[in-house]
1. State the Cα centre-to-centre distance between the range 355-386 and the range 268-301 in whole Å.
2. In the range 299-397, which trypsin sites (Lys or Arg not before Pro) fall in coil by DSSP and have 15 or fewer other Cβ atoms within 10 Å?
3. Which residues does the label zone of Trp38 cover in the range 345-384, counting backbone N under 15 Å from a point 7 Å along Cα→Cβ?
4. Subtract the Cα-Cα distance of Thr372 and Leu93 from 0.36 nm times their separation in residues, and report this length gain in nm to one decimal.
5. Among Met373, Asn141, Asn324, whose Cα projects farthest towards the positive end of the dipole of the chain, with charges put on the beta-carbon of Lys, Arg (+1) and Asp, Glu (-1)?
6. Take each complete run of DSSP H in the chain, measure how far its Cα atoms stretch along the helix's own axis, and keep only those covering 30 Å or more with mean Kyte-Doolittle hydropathy at least 0.5; list them.
7. Viscosity 1.567 mPa s, temperature 4 °C: give me the Stokes-Einstein translational D for the range 1-53 in µm²/s, with Rh taken as the Kirkwood radius over C-alpha pairs.
8. Under a point-charge model restricted to the Cβ atoms of Lys and Arg (+1) and Asp and Glu (-1), what is the dipole moment magnitude of the range 54-157 relative to its Cα centre, in debye to the nearest 20?
Amino acid sequence: MKRDLSAVIITNLMFSFVYFLPLVVLPLYVKRLGASLWLTGLVISFYYLTTTLFSIFWGVLSDIFGKRKIFLFSSLTGSASVLFITSLVKIPLLVVLLMGAFGLVTSAFRPPTLAIVGTLASTKDRGKFFGILSGSTSLGNAIGSFSGGLIAQYISIQMGLIIAAILAAIGAIFSLVFLRNTDKEIDTHFTMRSVWSELKKKLIPTSVQGSYVKKTKLHVLFGVTFIRYVSFWGIWTLFAVFLSTILGASDFWVGFLIGINFIWIAIFSGPVGKLCDKIGRKPMILMGLAGTAMVEIFYALSPHYLWILPVQILLAYSYSSLENGSNSYVTDVSPEAQRAEAMGLLTTCIFGGGALGGFLGGMIAQYVGLPTMFLLMSCLPILGFIIIFIKLKETLI
(Lines give C-alpha, C1' and ligand atoms only; values in the text may rest on other atoms or scores of the structure.)
Protein backbone atom coordinates (compact mmCIF):
# COMPACT_ATOMS: atom_id res chain seq x y z
CA MET A 1 0.00 0.00 0.00
CA LYS A 2 2.76 2.48 0.90
CA ARG A 3 4.54 1.67 -2.35
CA ASP A 4 1.41 2.51 -4.31
CA LEU A 5 0.92 5.75 -2.37
CA SER A 6 4.53 6.73 -3.07
CA ALA A 7 4.14 5.93 -6.77
CA VAL A 8 0.96 7.97 -7.17
CA ILE A 9 2.55 10.91 -5.33
CA ILE A 10 5.59 10.83 -7.65
CA THR A 11 3.31 10.59 -10.69
CA ASN A 12 1.34 13.55 -9.35
CA LEU A 13 4.58 15.52 -8.95
CA MET A 14 5.41 15.08 -12.64
CA PHE A 15 1.84 15.83 -13.71
CA SER A 16 1.82 19.05 -11.67
CA PHE A 17 4.89 20.34 -13.53
CA VAL A 18 3.26 19.46 -16.86
CA TYR A 19 -0.06 21.05 -15.92
CA PHE A 20 1.21 24.30 -14.43
CA LEU A 21 4.01 25.45 -16.73
CA PRO A 22 1.58 26.34 -19.57
CA LEU A 23 -0.69 28.22 -17.14
CA VAL A 24 2.25 30.50 -16.25
CA VAL A 25 3.75 31.21 -19.67
CA LEU A 26 0.86 31.07 -22.16
CA PRO A 27 -0.94 34.25 -20.93
CA LEU A 28 2.35 36.12 -21.45
CA TYR A 29 2.77 34.43 -24.83
CA VAL A 30 -0.62 35.38 -26.28
CA LYS A 31 -0.42 38.92 -24.84
CA ARG A 32 2.87 39.41 -26.69
CA LEU A 33 1.24 38.05 -29.84
CA GLY A 34 -1.16 41.01 -29.64
CA ALA A 35 -4.15 39.58 -27.73
CA SER A 36 -6.40 41.84 -25.63
CA LEU A 37 -6.77 41.35 -21.86
CA TRP A 38 -10.13 39.67 -22.52
CA LEU A 39 -8.65 37.15 -24.99
CA THR A 40 -5.65 36.65 -22.70
CA GLY A 41 -8.04 35.75 -19.90
CA LEU A 42 -9.75 33.23 -22.17
CA VAL A 43 -6.51 31.22 -22.45
CA ILE A 44 -6.96 29.98 -18.90
CA SER A 45 -10.74 30.34 -18.84
CA PHE A 46 -11.23 27.98 -21.78
CA TYR A 47 -8.86 25.48 -20.18
CA TYR A 48 -10.96 25.48 -17.04
CA LEU A 49 -14.20 25.36 -19.00
CA THR A 50 -13.32 22.01 -20.59
CA THR A 51 -11.84 20.78 -17.30
CA THR A 52 -15.13 21.63 -15.61
CA LEU A 53 -17.19 19.82 -18.21
CA PHE A 54 -15.14 16.63 -18.14
CA SER A 55 -13.82 16.23 -14.55
CA ILE A 56 -17.01 14.63 -13.25
CA PHE A 57 -17.29 12.58 -16.47
CA TRP A 58 -13.82 11.05 -15.96
CA GLY A 59 -14.46 10.59 -12.23
CA VAL A 60 -17.67 8.69 -12.90
CA LEU A 61 -16.02 6.54 -15.58
CA SER A 62 -13.20 5.61 -13.21
CA ASP A 63 -15.80 4.55 -10.62
CA ILE A 64 -17.71 2.51 -13.20
CA PHE A 65 -14.73 0.60 -14.57
CA GLY A 66 -12.60 0.63 -11.42
CA LYS A 67 -9.46 0.95 -13.61
CA ARG A 68 -8.10 4.16 -12.15
CA LYS A 69 -4.48 3.75 -13.28
CA ILE A 70 -5.35 3.88 -16.98
CA PHE A 71 -6.88 7.34 -16.52
CA LEU A 72 -3.59 8.68 -15.13
CA PHE A 73 -1.66 7.15 -18.04
CA SER A 74 -4.09 8.46 -20.67
CA SER A 75 -4.12 11.95 -19.16
CA LEU A 76 -0.33 12.24 -19.25
CA THR A 77 -0.11 10.83 -22.77
CA GLY A 78 -2.75 13.25 -24.05
CA SER A 79 -1.01 16.16 -22.28
CA ALA A 80 2.27 15.38 -24.04
CA SER A 81 0.56 15.45 -27.44
CA VAL A 82 -1.35 18.71 -26.87
CA LEU A 83 1.67 20.57 -25.44
CA PHE A 84 3.87 19.59 -28.37
CA ILE A 85 1.27 20.85 -30.87
CA THR A 86 0.83 24.10 -28.88
CA SER A 87 4.58 24.75 -29.08
CA LEU A 88 4.19 25.06 -32.87
CA VAL A 89 1.28 27.55 -32.84
CA LYS A 90 1.59 31.35 -33.03
CA ILE A 91 -2.07 32.38 -33.43
CA PRO A 92 -3.68 33.48 -30.09
CA LEU A 93 -7.12 32.04 -30.88
CA LEU A 94 -5.61 28.64 -31.73
CA VAL A 95 -3.70 28.70 -28.43
CA VAL A 96 -7.04 29.26 -26.66
CA LEU A 97 -8.59 26.27 -28.44
CA LEU A 98 -5.59 24.05 -27.69
CA MET A 99 -5.82 24.99 -24.03
CA GLY A 100 -9.37 23.69 -24.17
CA ALA A 101 -8.02 20.38 -25.46
CA PHE A 102 -5.41 20.47 -22.69
CA GLY A 103 -8.22 20.82 -20.13
CA LEU A 104 -10.01 17.84 -21.65
CA VAL A 105 -7.04 15.49 -21.18
CA THR A 106 -5.72 16.82 -17.86
CA SER A 107 -9.17 16.63 -16.23
CA ALA A 108 -8.89 12.83 -16.33
CA PHE A 109 -6.03 12.91 -13.82
CA ARG A 110 -7.24 14.53 -10.59
CA PRO A 111 -10.47 12.65 -9.64
CA PRO A 112 -9.01 9.10 -9.85
CA THR A 113 -5.78 10.27 -8.18
CA LEU A 114 -7.66 11.69 -5.19
CA ALA A 115 -9.82 8.55 -5.06
CA ILE A 116 -6.71 6.33 -5.04
CA VAL A 117 -5.15 8.23 -2.14
CA GLY A 118 -8.43 8.47 -0.21
CA THR A 119 -8.99 4.72 -0.57
CA LEU A 120 -5.44 3.50 0.17
CA ALA A 121 -4.94 5.77 3.19
CA SER A 122 -6.58 4.85 6.49
CA THR A 123 -9.10 7.24 8.05
CA LYS A 124 -6.72 8.39 10.78
CA ASP A 125 -3.95 9.14 8.24
CA ARG A 126 -6.11 10.52 5.44
CA GLY A 127 -5.37 14.16 6.16
CA LYS A 128 -1.64 13.40 6.31
CA PHE A 129 -1.55 11.68 2.93
CA PHE A 130 -3.73 14.31 1.30
CA GLY A 131 -1.23 16.81 2.71
CA ILE A 132 1.67 14.91 1.13
CA LEU A 133 -0.22 14.72 -2.17
CA SER A 134 -0.91 18.45 -2.00
CA GLY A 135 2.76 19.02 -1.23
CA SER A 136 3.81 17.07 -4.32
CA THR A 137 1.34 19.10 -6.40
CA SER A 138 2.79 22.32 -5.06
CA LEU A 139 6.37 21.23 -5.61
CA GLY A 140 5.58 20.27 -9.21
CA ASN A 141 3.80 23.59 -9.73
CA ALA A 142 6.80 25.45 -8.28
CA ILE A 143 9.26 23.66 -10.54
CA GLY A 144 6.97 24.35 -13.49
CA SER A 145 6.77 28.05 -12.58
CA PHE A 146 10.52 28.47 -12.05
CA SER A 147 11.33 26.53 -15.21
CA GLY A 148 8.73 28.39 -17.26
CA GLY A 149 10.11 31.78 -16.22
CA LEU A 150 13.74 30.81 -16.74
CA ILE A 151 13.19 29.15 -20.10
CA ALA A 152 11.00 32.04 -21.31
CA GLN A 153 13.65 34.55 -20.22
CA TYR A 154 16.69 32.83 -21.72
CA ILE A 155 15.40 30.48 -24.48
CA SER A 156 11.72 30.65 -25.50
CA ILE A 157 8.23 29.88 -24.26
CA GLN A 158 7.87 27.23 -26.96
CA MET A 159 10.87 25.31 -25.59
CA GLY A 160 9.24 25.27 -22.16
CA LEU A 161 6.18 23.60 -23.67
CA ILE A 162 8.33 20.98 -25.39
CA ILE A 163 10.13 20.15 -22.14
CA ALA A 164 6.77 19.80 -20.36
CA ALA A 165 5.58 17.46 -23.13
CA ILE A 166 8.67 15.25 -22.69
CA LEU A 167 8.12 15.04 -18.91
CA ALA A 168 4.45 14.13 -19.49
CA ALA A 169 5.54 11.17 -21.63
CA ILE A 170 7.99 10.08 -18.92
CA GLY A 171 5.24 10.37 -16.28
CA ALA A 172 2.89 8.25 -18.39
CA ILE A 173 5.46 5.45 -18.61
CA PHE A 174 6.21 5.70 -14.87
CA SER A 175 2.51 5.40 -13.94
CA LEU A 176 2.09 2.36 -16.16
CA VAL A 177 5.09 0.56 -14.66
CA PHE A 178 4.98 1.44 -10.95
CA LEU A 179 1.30 1.83 -10.04
CA ARG A 180 0.05 -1.58 -8.95
CA ASN A 181 -2.87 -1.98 -6.53
CA THR A 182 -4.80 1.15 -7.47
CA ASP A 183 -7.84 -0.39 -9.15
CA LYS A 184 -10.97 -1.60 -7.39
CA GLU A 185 -12.68 -4.90 -8.07
CA ILE A 186 -15.72 -4.71 -10.35
CA ASP A 187 -17.90 -7.80 -10.71
CA THR A 188 -20.16 -6.46 -13.44
CA HIS A 189 -19.38 -7.04 -17.12
CA PHE A 190 -19.99 -3.78 -18.96
CA THR A 191 -21.18 -3.21 -22.50
CA MET A 192 -21.38 0.17 -24.23
CA ARG A 193 -25.11 0.30 -23.50
CA SER A 194 -24.66 -0.45 -19.79
CA VAL A 195 -21.85 2.10 -19.49
CA TRP A 196 -24.06 4.75 -21.09
CA SER A 197 -26.86 3.81 -18.70
CA GLU A 198 -24.52 4.18 -15.72
CA LEU A 199 -23.27 7.54 -16.97
CA LYS A 200 -26.80 8.87 -17.32
CA LYS A 201 -27.61 7.77 -13.77
CA LYS A 202 -24.48 9.42 -12.40
CA LEU A 203 -24.42 12.60 -14.47
CA ILE A 204 -28.18 13.17 -14.17
CA PRO A 205 -28.72 11.89 -10.62
CA THR A 206 -32.09 11.24 -9.05
CA SER A 207 -32.92 12.67 -5.64
CA VAL A 208 -32.05 9.33 -4.05
CA GLN A 209 -28.69 9.01 -5.80
CA GLY A 210 -27.78 12.60 -4.97
CA SER A 211 -29.01 12.38 -1.39
CA TYR A 212 -25.55 11.99 0.15
CA VAL A 213 -24.52 15.34 -1.37
CA LYS A 214 -27.42 17.19 0.26
CA LYS A 215 -27.48 15.19 3.49
CA THR A 216 -23.79 15.79 4.24
CA LYS A 217 -23.84 19.48 3.19
CA LEU A 218 -21.47 18.76 0.33
CA HIS A 219 -23.53 21.11 -1.83
CA VAL A 220 -22.59 23.94 0.54
CA LEU A 221 -18.89 23.14 0.29
CA PHE A 222 -19.12 22.74 -3.49
CA GLY A 223 -20.85 26.11 -3.87
CA VAL A 224 -18.31 27.94 -1.72
CA THR A 225 -15.45 26.19 -3.52
CA PHE A 226 -16.89 27.45 -6.80
CA ILE A 227 -17.09 31.12 -5.76
CA ARG A 228 -13.65 31.00 -4.10
CA TYR A 229 -12.09 29.83 -7.36
CA VAL A 230 -14.05 32.38 -9.41
CA SER A 231 -12.22 34.94 -7.27
CA PHE A 232 -8.83 33.21 -7.21
CA TRP A 233 -8.60 32.38 -10.91
CA GLY A 234 -10.13 35.67 -11.94
CA ILE A 235 -6.95 37.15 -10.50
CA TRP A 236 -4.44 34.42 -11.31
CA THR A 237 -5.49 34.19 -14.95
CA LEU A 238 -3.94 37.63 -15.42
CA PHE A 239 -1.48 37.57 -12.54
CA ALA A 240 1.57 37.03 -14.77
CA VAL A 241 0.42 39.93 -16.96
CA PHE A 242 -0.15 42.06 -13.83
CA LEU A 243 3.37 41.35 -12.56
CA SER A 244 4.91 42.04 -15.96
CA THR A 245 2.98 45.09 -17.18
CA ILE A 246 1.84 46.82 -13.96
CA LEU A 247 4.62 45.99 -11.47
CA GLY A 248 7.48 45.70 -13.99
CA ALA A 249 8.67 42.15 -13.28
CA SER A 250 10.83 40.30 -15.82
CA ASP A 251 9.88 36.83 -17.09
CA PHE A 252 12.27 35.32 -14.53
CA TRP A 253 10.63 37.22 -11.67
CA VAL A 254 7.15 36.32 -12.92
CA GLY A 255 8.05 32.62 -12.76
CA PHE A 256 9.86 33.06 -9.44
CA LEU A 257 7.06 34.95 -7.69
CA ILE A 258 4.47 32.40 -8.78
CA GLY A 259 6.76 29.45 -8.07
CA ILE A 260 7.83 30.57 -4.58
CA ASN A 261 4.19 30.30 -3.50
CA PHE A 262 4.21 26.60 -4.35
CA ILE A 263 7.47 26.04 -2.49
CA TRP A 264 5.75 27.37 0.61
CA ILE A 265 2.71 25.20 -0.09
CA ALA A 266 4.99 22.15 -0.27
CA ILE A 267 6.49 23.17 3.09
CA PHE A 268 3.10 23.75 4.72
CA SER A 269 1.17 20.82 3.26
CA GLY A 270 2.44 18.11 5.63
CA PRO A 271 2.00 20.07 8.88
CA VAL A 272 -1.31 21.52 7.72
CA GLY A 273 -2.53 18.01 6.81
CA LYS A 274 -1.72 16.82 10.35
CA LEU A 275 -3.37 19.92 11.80
CA CYS A 276 -6.49 19.09 9.77
CA ASP A 277 -6.63 15.70 11.55
CA LYS A 278 -6.30 17.40 14.96
CA ILE A 279 -8.51 20.49 14.92
CA GLY A 280 -10.99 19.50 12.23
CA ARG A 281 -11.97 20.18 8.63
CA LYS A 282 -14.18 23.25 9.10
CA PRO A 283 -11.56 25.47 10.83
CA MET A 284 -9.07 24.74 8.03
CA ILE A 285 -11.59 25.68 5.34
CA LEU A 286 -12.41 28.93 7.18
CA MET A 287 -8.73 29.85 7.48
CA GLY A 288 -8.25 29.17 3.79
CA LEU A 289 -11.10 31.49 2.79
CA ALA A 290 -10.06 34.32 5.11
CA GLY A 291 -6.45 34.13 3.94
CA THR A 292 -7.49 34.19 0.28
CA ALA A 293 -9.37 37.48 0.71
CA MET A 294 -6.43 39.09 2.55
CA VAL A 295 -3.97 38.05 -0.14
CA GLU A 296 -6.08 39.40 -3.00
CA ILE A 297 -6.44 42.79 -1.29
CA PHE A 298 -2.68 42.94 -0.71
CA TYR A 299 -2.01 42.18 -4.38
CA ALA A 300 -4.16 45.11 -5.46
CA LEU A 301 -2.34 47.53 -3.15
CA SER A 302 1.24 46.39 -3.88
CA PRO A 303 3.43 49.17 -5.38
CA HIS A 304 6.30 46.89 -6.55
CA TYR A 305 6.68 43.24 -7.50
CA LEU A 306 9.03 42.53 -4.57
CA TRP A 307 6.16 43.32 -2.20
CA ILE A 308 4.51 40.16 -3.49
CA LEU A 309 7.17 37.92 -1.91
CA PRO A 310 5.99 37.94 1.75
CA VAL A 311 2.29 37.61 0.94
CA GLN A 312 2.97 34.39 -0.98
CA ILE A 313 3.57 32.75 2.41
CA LEU A 314 0.03 33.62 3.52
CA LEU A 315 -1.37 32.46 0.18
CA ALA A 316 0.44 29.13 0.57
CA TYR A 317 -0.95 28.55 4.06
CA SER A 318 -4.44 29.56 2.92
CA TYR A 319 -4.36 27.19 -0.03
CA SER A 320 -3.02 24.30 2.05
CA SER A 321 -5.72 24.82 4.65
CA LEU A 322 -8.52 24.93 2.09
CA GLU A 323 -7.18 22.00 0.03
CA ASN A 324 -6.66 19.64 2.96
CA GLY A 325 -9.86 20.64 4.73
CA SER A 326 -12.00 20.23 1.60
CA ASN A 327 -10.44 16.94 0.44
CA SER A 328 -10.72 15.42 3.90
CA TYR A 329 -14.33 16.58 4.35
CA VAL A 330 -15.39 15.14 0.99
CA THR A 331 -13.68 11.82 1.74
CA ASP A 332 -15.18 11.68 5.24
CA VAL A 333 -18.78 11.97 4.07
CA SER A 334 -18.87 10.35 0.59
CA PRO A 335 -19.55 6.61 0.09
CA GLU A 336 -16.44 4.70 -1.04
CA ALA A 337 -18.17 3.50 -4.21
CA GLN A 338 -18.86 7.14 -5.17
CA ARG A 339 -15.68 8.72 -3.88
CA ALA A 340 -14.15 9.49 -7.27
CA GLU A 341 -17.52 10.91 -8.31
CA ALA A 342 -17.53 13.20 -5.26
CA MET A 343 -13.93 14.26 -5.92
CA GLY A 344 -14.93 14.85 -9.53
CA LEU A 345 -17.72 17.14 -8.34
CA LEU A 346 -15.27 19.05 -6.13
CA THR A 347 -12.85 19.34 -9.04
CA THR A 348 -15.69 20.49 -11.29
CA CYS A 349 -16.43 23.31 -8.85
CA ILE A 350 -12.76 24.28 -8.70
CA PHE A 351 -12.31 24.34 -12.45
CA GLY A 352 -15.79 25.73 -13.07
CA GLY A 353 -14.81 28.65 -10.88
CA GLY A 354 -11.63 28.95 -12.92
CA ALA A 355 -13.58 29.05 -16.18
CA LEU A 356 -15.97 31.76 -15.00
CA GLY A 357 -13.25 33.60 -13.06
CA GLY A 358 -10.93 33.83 -16.06
CA PHE A 359 -13.75 35.15 -18.23
CA LEU A 360 -14.98 37.68 -15.64
CA GLY A 361 -11.46 38.72 -14.64
CA GLY A 362 -10.46 39.54 -18.19
CA MET A 363 -13.74 41.34 -18.93
CA ILE A 364 -13.72 43.42 -15.73
CA ALA A 365 -10.01 44.26 -16.03
CA GLN A 366 -10.59 45.46 -19.60
CA TYR A 367 -12.84 48.23 -18.21
CA VAL A 368 -11.63 49.04 -14.67
CA GLY A 369 -7.99 47.88 -14.67
CA LEU A 370 -6.25 44.99 -12.93
CA PRO A 371 -5.89 46.38 -9.34
CA THR A 372 -9.58 47.33 -9.10
CA MET A 373 -10.59 43.93 -10.47
CA PHE A 374 -8.47 42.29 -7.74
CA LEU A 375 -10.31 44.25 -5.03
CA LEU A 376 -13.72 43.33 -6.43
CA MET A 377 -12.79 39.65 -6.59
CA SER A 378 -11.73 39.64 -2.91
CA CYS A 379 -15.41 40.01 -1.87
CA LEU A 380 -16.18 36.44 -2.96
CA PRO A 381 -14.02 34.49 -0.45
CA ILE A 382 -15.38 36.77 2.30
CA LEU A 383 -18.89 35.68 1.31
CA GLY A 384 -17.74 32.04 1.26
CA PHE A 385 -16.33 32.39 4.80
CA ILE A 386 -19.72 33.55 6.10
CA ILE A 387 -21.58 30.69 4.38
CA ILE A 388 -19.21 27.98 5.68
CA PHE A 389 -19.27 29.42 9.20
CA ILE A 390 -23.06 29.26 9.30
CA LYS A 391 -23.87 26.13 7.28
CA LEU A 392 -21.10 23.53 7.49
CA LYS A 393 -20.79 21.02 10.36
CA GLU A 394 -17.55 19.41 11.48
CA THR A 395 -16.99 15.76 10.45
CA LEU A 396 -13.90 14.96 12.54
CA ILE A 397 -14.99 13.41 15.83
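The values are calculated or read from the model by the stated rules, or taken from the named source; none is laboratory data. Everything quoted here is computed from the prediction, not taken from an experiment. A quick note on method: Cβ atoms are made from the backbone with ideal geometry, for glycine too, and the neighbour counts reach across all protein chains shown. Ligands, DNA and RNA are stripped out before the accessible areas are found, and what is left, the full protein with its side chains, is counted by its heavy atoms. Shrake-Rupley method; radii C 1.70, N 1.55, O 1.52, S 1.80 Å.
1. 20 Å
2. Those satisfying the criteria are Lys393.
3. 358-369
4. 97.8 nm
5. Asn324
6. 2-32, 37-65, 157-178, 251-279, 281-301, 339-368
7. D, rounded to a whole number, is 100 µm²/s.
8. 200 debye
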